[in-house]
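Chemist: Starting off with a structure, shown below.
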Amino acid sequence: MSQLSRIQKICDANGISGFEDEVVLAIRQEAGELGHFAEDSLRNLYLYRTENTENKPVVLLDAHTDEVGFMVKCIRDDGMLEFIPIGGWVSSNVPAHLVRVQTNLGKTIPGIVGSKPPHYQSESERKSAPDIASMYIDIGARSVEEALSMGVDIASPIIPDAVCIYNENNNLLFGKAFDCRLGCTTIIDVLEDLKGEQLQVNLVAGFASQEEVGCRGAQLTARKVKPDVAICFEGSPADDTFLPPYQQQTIVGKGPMLRFIDSKMITNPRFQQFALDIAKEFDIPVQKGVRNGGATNASALHLSEQGIPTIVIGIPVRYAHTHWGVSSLDDVQNSVRLGRAILTRLNEQIIATF
Ligand SMILES: [Zn+2]
């Protein structure tokens, strides 16, 4: 399967935090030739590379499978669904969008986040930011009974509806869940590129659940895999549409972003420098970032066990945590190249210097 169709399949899959089953299935289908799988009760998916042998340092390749979305909180008498956000949303990005409501009949049905037309809004309503607690989703049901008969109930997962589109003229991808499904596809691409190659390290991919609600899955993957080092592949929010050029550090199309710091981790400076040196040697474009907000699974990984040196390879995503993101296929490909180059060079001696 081509890289693009892999991206489309995995990004389009439904999987809010805690309900990542479809994503896990898609990854199993895409990566089945590359090793053997294991799973735990949080739906973390582990992929152990076929070529692994005993007594080598272990590298954990991390990406998270979940996406931001919503969950039905209760059903109004008129059949409208009230909901809570899953993961971080800005409330003004929510109304008037199409969503998929996952039913207990094993499928999804369309719904619209209802909003009052401007004709009926008061002056103050037009000016104020809406509040998610007062929003509702319209699936066309006219009563609680009708909603229930459609397979919808409280706790039904709700997924932003967007389908991945590729513009071959500028190599841009438009779609949902690039944070962090592009990380998932990058790991599969790296493992595919390395197929049959002997390395000085063993590779375990940890496709982690529930990152968007506080990096929960990665707390288990670190404990299970007990890696010597970890590389976190992420969809990182781009800053190139609202910051002045001199402040921009995560520009779409300019290569993966390696962060020195964010709100929950100071990146191991030795591992970070090793990765930046490799990027230079292999002529792979990268961007360096100093962030005071945001966090990734690396926040959990680097403090696990006896401390695990961890870097983050971030693929820029414009408009993260909305229905539609914009990313560059070039950035995905350069992330694959960088991941591959790092893994062909890592060995016990180098890891000991971290
Ligand atoms: Zn993410």
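The values are calculated or read from the model by the stated rules, or taken from the named source; none is laboratory data. Only a predicted model underlies this, so the values are computations on that prediction, with no experimental measurement involved. Positions of Cβ are backbone-derived with ideal geometry, glycine not excepted, and every protein chain shown enters the neighbour counts. With ligands, DNA and RNA removed, areas are computed over all heavy atoms of the protein, side chains included. Shrake-Rupley method; radii C 1.70, N 1.55, O 1.52, S 1.80 Å.
Chemist: Do we find that ALA96 is of a type outside the set (Lys, Arg) and at pLDDT 95 or above in this structure?
Modeler: Taking the combined requirement at face value, the residue does not satisfy it.
Chemist: Please determine, by comparing only the residues of the range 282-301 that are in contact (Cβ under 8 Å) with a residue 12 or more places away in the chain and away from the ligand (no atom under 16 Å from the Cβ), which one is most open to solvent (accessible area, probe 1.4 Å).
Modeler: ASN292
Chemist: Going by what's in this entry, would ILE132 be described as buried (at least 20 other Cβ atoms within 10 Å of the Cβ), in contact with a strand residue (DSSP E or B) (Cβ under 8 Å, 6 or more places away or on another chain) and more than 30 Å from ILE231 (Cβ to Cβ)?
Modeler: No.
Chemist: Another question about this same structure. When the range 32-75 is examined, which residues are found to be acidic (Asp, Glu) and within 16 Å of the ligand (Cβ to nearest atom)?
Modeler: ASP62, ASP66, GLU67
Chemist: Also, quick follow-up: Using beta carbons and a limit of 6 Å, which pairs, at least six apart or on different chains, have the first residue in the range 99-126 and surrounded by fewer than 12 Cβ atoms within 10 Å (Cβ to Cβ) and the second one not charged (D, E, K, R)?
Modeler: Short answer, once both residue conditions are applied: LEU105/GLY151.
Chemist: For the range 285-354, list the helices (runs of 4 or more DSSP H) that sit wholly inside it and hold at least 2 residues that are within 29 Å of PHE174 (Cα to Cα); which are they?
Modeler: Because the criterion is at least 2 residues that are within 29 Å of PHE174 (Cα to Cα), the helices (runs of 4 or more DSSP H) in the range 285-354 that meet it are 298-301, 329-345.
Chemist: I would also like to ask the following. Applying the selection to the range 84-110, what residues are assigned to a strand (DSSP E or B) and over 19 Å from GLU145 (Cβ atoms)?
Modeler: Within the range 84-110, ILE84, PRO85, ILE86, LEU98, VAL99, ARG100, GLN102, THR108, PRO110 qualify.
Chemist: Considering only the range 253-266, how many residues are within 16 Å of the ligand (Cβ to nearest atom) and open to solvent by less than 50 Å² (accessible area, probe 1.4 Å)?
Modeler: Of the residues in that region, 6 qualify.
Chemist: Sticking with this structure for a sec: Under 6 Å by Cβ, and 6 or more places apart or on different chains, what pairs join a residue from the range 254-265 that is in contact (Cβ under 8 Å) with a residue 24 or more places away in the chain with one that is open to solvent by less than 10 Å² (accessible area, probe 1.4 Å) and in a loop (DSSP other than H, G, I, E, B)?
Modeler: Filtered contacts from the range 254-265: MET257/THR250; PHE260/THR267.
Chemist: Sticking with this one: Out of VAL59, VAL90, VAL68, report the one residue that is among the aliphatic types (A, V, I, L, M) and either open to solvent by 60 Å² or more (accessible area, probe 1.4 Å) or without any contact (Cβ under 8 Å) to a residue 24 or more places away in the chain (or both).
Modeler: VAL90
Chemist: Which members of the range 23-61 meet the condition of being touching a Ser or Thr at 6+ places or on another chain (Cβ under 6 Å) and in a strand (DSSP E or B)?
Modeler: Of everything in the range 23-61, just one residue is touching a Ser or Thr at 6+ places or on another chain (Cβ under 6 Å) and in a strand (DSSP E or B), namely GLY35.
Chemist: Can you name the residue in the range 302-333 that is at positive phi and modelled with pLDDT of 95 or more and, of all such residues, is most open to solvent (accessible area, probe 1.4 Å)?
Modeler: By that ranking, first place goes to TYR319.
Chemist: Would you pick out the residues in the range 208-238 that are acidic (Asp, Glu), open to solvent by 20 Å² or more (accessible area, probe 1.4 Å) and within 15 Å of the ligand (Cβ to nearest atom)?
Modeler: The answer is GLU212, and nothing else.
Chemist: Search the range 175-188 for residues that are assigned to a helix (DSSP H, G or I) and pair each with any residue that is hydrophobic (A, V, I, L, M, F, W, C) and within 9 Å of the ligand (Cβ to nearest atom) when their beta-carbon atoms are under 7 Å apart and the residues are at least 6 apart or on different chains.
Modeler: PHE178/VAL317; ASP179/VAL317; ASP179/ALA320; CYS180/ALA63; GLY183/ALA63; CYS184/ALA63; ILE187/ALA63
Chemist: Please determine, by comparing only the residues of the range 7-22 that are charged (D, E, K, R) and in a helix (DSSP H, G or I), which one is nearest to GLY196 (Cα to Cα).
Modeler: LYS9
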